[in-house]
Each structure stands twice: as C-alpha cells, then as structure tokens.
Amino acid sequence: MMNKGVWWSCDGNGNEKNIGSGDARPTPSSPITRRSLVGGALTAALAAWAGRSALADVTMTGKQGESESGDVIVTLFLRGGMDGLSLIVPHGDDDYYRPRPTLALAAPQKGSGSVTDIDGFFGLHPSAAALVPHFKEGRMAAVQAIGSSDQTRSHFEAMATMERGLKGGGPDYASGSASGWLARYLNATPPADPSPLRAVAFSNVMPDTLRGATDTSVLSTLAEYQLKAPETEAGRKYVSSLHSLYAKGAKGDDAASVSGREIHRVLETLRRVDPANYKPANNALYPETDLGGGLRQVAILLKANVGLEAAFLDREGWDTHVGQGGVTGYLALGFKDVAASLAAFAKDLGQEGLARVTVIVQTEFGRRVKENSGLGTDHGRGSAMLLLGGSVNGGKVFGSWPGLALSTLEGPGDLRVTTDYRTVFAEVLSRRTPRGEQSIPSVFPGWEKVPALGVVRAA
C-alpha cells in the first residue's frame, strides 16, 4: 500500500519506491557563498547563546533601500497533490458523480455528510466546516482548476515549478531561475532596516519558495530562537556583555554590528513575548498538530512586530493513491487539520490582525477525475487554491470551470488547468504589497500578464 504520508516515495504511477534505510527526503543543495560568511565570527558567538543552529541561518546584511509596510504573505504548501475536487466540490456538475462512485460527496441537503454550498455550484467538504464562516463572512475565497503548465505529474518537478514561479515543464524547469518567487519579491523590495525574521519558514529545510532571499530564517520552533547560557556567574557575565555590545545605542555601522543589534532586538522582543507561554486571543484553540503549532507561531511573530513580511509552512500527506476516503477517511482528516488550523489562526489574529495578512494555500497538482481500483485517485492536473485574509473578496470560487465531461478532460482524464497559479500570486503582490506591481517582471520572468481575477482588493 502506498505510504500516503511520504509523497517522495511515490514513483509517479501510484507505486511505492524501494527506499533504502539510509535514504531520506531529498533536499536542495545549499552552496556556501561569500555572503553567507559575512559576520561569521558574530554568527558563531550568537549561535553559542541562541541555541542549536537557528541563528546560523540568519543572513547578515547591512542597511538597504526603503520599503513601506504591506500585507504579510503566509504561504501554506500542501505537498503530495491535494484533491481539489474533494475540497471545493463541483456538486452542480453531474459529471462529477459518475467517475467517483465511492469518493464523490453528496450535494447540499442530500443527507448526512453532504457538502456545504458556497455559490450554488461549488461546495466545501464537510470536514472543512471550520472554514464555512470565513467563506460566508467574506474572508475566504477559492480558485478552482488552477495549476501550472507542468505536464510531468512528478511531485518534484511540479513543486519546484510552483515554488520557483515558473511556467513549468521541459526547458522552463531546467533553465528557469533556481531562486523562489517569494524570495525574488523580497530581494526586489528590501527594507531600510531588515529584520532577521523578515521571512521565516517553519520547516526542516529551506523551501524553494524562499530560496535565495536575504533576511530569511528556517526554524522548527521559536523556542530555538532564544538566549541560552550556563546558569553560572560566567554565563551571566557573558550574556550581560552581549547585551551591552548590541543593545540600543551601541555603535558600529559594519554589517556584523548592524545585524548583531537587529538580532538582539528580535531576541529581546521574543523574550518579552515568551512564546512558550503564549495565550491565543479570542479563545482561539489551535490543533495540536505540526500545522496548528506552526500557524500559532506565525501569529506570535505577527503580534510581536518583529518585521515579518513572509511566512512559509507546509503539510504533507496528500498523495492519496489508496484509501482516500470520502466523507470520512485519510483525506478528510487532512482537511480537518487544515481547516481547524486556519480558523484558529484567523480567530487569534482577529479582524484587525487579519486585515494585514494574506494566506495562500496551494498544492502542486490535483488528482485524476476518475477514482482508481484502490479507492483512491492518481496524479492529475488542475486543483484548488484557498485564500484567507481581510483583503480577500470572499465567499466566491474564482476561475473558469472547464467541466468534467470526458470531452473536456486533459491527458489521461484530468481536470484541465484554466488559471495559471502565477495569476493569483501576481495579484496578491500587486495589490497587497509595497512596490509589488513593479517587482512582477523580476518575480515572474517571462510571464505574460493577464487580467486579475479580483481575488483580493487593492490596498
């Protein structure tokens, strides 16, 4: 049986690869550059009292150009190919039911386990019920039949295509920029006084989305980002000396001094916030899952005003070749986690906090329209995207619906992609971030601009 939680063991045809005991998830290479060595002595000293390697990941920079404030972009990548037809269900399309005799979800008011209607044609999976209020109250929207031009149906290439902001497939994948689309935006719009926490990935490795960005940190938890020293007189003197060296008013305009002061400021802010004892506002209750914990920490950073502009999270477990389930089952549990985590995040931030946040929930591709003999679905093309935030034109499903009739399907029987994912990314950057419109040519090189969908309102 396919290990549904380990997408990188999939050979692309629904078969599990024979992975040796010493093999692990493939990770991109991280070449050492001159820039990564700037301030190396300071980084080593900071790492000694900051714990593990969190601060070793902080890029040392000097002052850069001016940048106004804008929305914080929170990107959640659902790795493994999420079945968008099960999350945003086209219950108004009769051709949805015939190819999925066991997996299709009932139309609204057709009995227990039926979907919640959004617009008369699309409905939300019952396990994602926590998101219903956000659709109804205009804070959340969806885009259906969205994806890239990648035709490989390979997890690796499809994910890399989207994270790098490429068209996808063939020469574009091989020759396109190796940096991430969000990294290129951050580099094109540098702030005057960059924070070490300007962009944060709550992950084990640097995601391609942020690869190449300055002022980016990779953390497992905020607990890593703290002052640590032996509870001895020597330890206390060491910490006191570091405070004096980098506290407000300390002099020095070299890169190491500037970055040292900024790191000190962030550490002091987090110490006062005390992430370990953080109490979410409005009685928000985050699920005790990796995703719930990750979004809880994003909320902490947002409220602490540490200069956060972009946050990245991912969740695996969407490669549902076998035993996908309908109303209940493996996929439903994933939807429940995502919905509960996002709902808690929105409740914790409140209306004022959510007004300056845009959350993008994406996946690399969708699933085949027809269910397979293992009561699952194989790799497909088009899928669904979610957006959450105070600026979102919510309560709608955007995009051109191509239909599920056999004559409209693509390839071996997939939902056709009618919206290039970059259309949404570009709209968010253009309408919700400073100088986003001007940055589009460098963020998405070669992309031909198309009319905006209207998913978000202009700032």
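For the range 383-422, residues that are under 30 Å from ALA458 (Cβ atoms), small (Gly, Ala, Ser) and surrounded by fewer than 24 Cβ atoms within 10 Å (Cβ to Cβ) total 6. Any residue in the range 174-181 that is among the hydroxyl-bearing types (Ser, Thr, Tyr) and either under 18 Å from the mean Cα position of the chain (by Cα) or assigned to a helix (DSSP H, G or I) (or both)? Within the range 174-181, one or more residues are among the hydroxyl-bearing types (Ser, Thr, Tyr) and either under 18 Å from the mean Cα position of the chain (by Cα) or assigned to a helix (DSSP H, G or I) (or both).
Residues that are among the β-branched types (Val, Ile, Thr) and at pLDDT 95 or above within the range 396-439 comprise VAL397, THR408, VAL417, THR418, THR419, THR423, VAL424, VAL428, listed in sequence order. Scanning the range 344-361 for residues that are in a helix (DSSP H, G or I) and among the aliphatic types (A, V, I, L, M) turns up ALA344, ALA346, LEU349, LEU354. Scanning the range 354-381 for residues that are under 20 Å from the mean Cα position of the chain (by Cα), closer than 20 Å to PHE335 by Cα and surrounded by fewer than 24 Cβ atoms within 10 Å (Cβ to Cβ) gives ILE360, VAL361.
Sort out which residues of the range 321-334 are surrounded by fewer than 24 Cβ atoms within 10 Å (Cβ to Cβ) and either outside any helix (DSSP H, G or I) or in contact with a His (Cβ under 8 Å, 6 or more places away or on another chain) (or both), and write them in order of number.
VAL322, GLY323, GLY325, GLY326, VAL327, THR328, GLY329, ALA332, listed by residue number.
Criterion first (assigned to a loop (DSSP other than H, G, I, E, B) and among the charged types (D, E, K, R)) does ARG422 satisfy it? So ARG422 does not fit the description; no. Look at PHE312 and say whether it is among the aromatic types (Phe, Trp, Tyr), buried (at least 24 other Cβ atoms within 10 Å of the Cβ) and not in a strand (DSSP E or B). No, not satisfied. Considering only the range 304-330, state which residues are modelled with pLDDT of 95 or more and more than 19 Å from the chain's Cα centre (by Cα). Matches in the range 304-330: THR320, HIS321, VAL322, GLY323, GLN324, GLY325, GLY326, VAL327, THR328, GLY329, TYR330.
Only residues that are of a type outside the set (Gly, Ala, Ser) and without any contact (Cβ under 8 Å) to a residue 24 or more places away in the chain were counted in the range 407-437, giving 2. For the range 127-153, a residue qualifies if it is part of a loop (DSSP other than H, G, I, E, B), crowded, with 19+ Cβ neighbours inside 10 Å and touching a strand residue (DSSP E or B) at 6+ places or on another chain (Cβ under 8 Å), and the qualifying residues are ARG139, SER148, ARG153. Candidates THR189, THR289, THR269: the one that is surrounded by 15 or more Cβ atoms within 10 Å (Cβ to Cβ), touching a Lys or Arg at 6+ places or on another chain (Cβ under 7 Å) and β-branched (Val, Ile, Thr) is THR189. For GLU371, indicate whether it is among the acidic types (Asp, Glu), in a loop (DSSP other than H, G, I, E, B) and without any contact (Cβ under 8 Å) to a residue 12 or more places away in the chain. It is false that GLU371 is among the acidic types (Asp, Glu), in a loop (DSSP other than H, G, I, E, B) and without any contact (Cβ under 8 Å) to a residue 12 or more places away in the chain.
The values are calculated or read from the model by the stated rules, or taken from the named source; none is laboratory data. Please read all numbers here as calculations on a predicted model, not as lab measurements. Don't worry about glycine lacking a Cβ; one is built from the backbone with ideal geometry, like all the others, and counts go over all protein chains shown.
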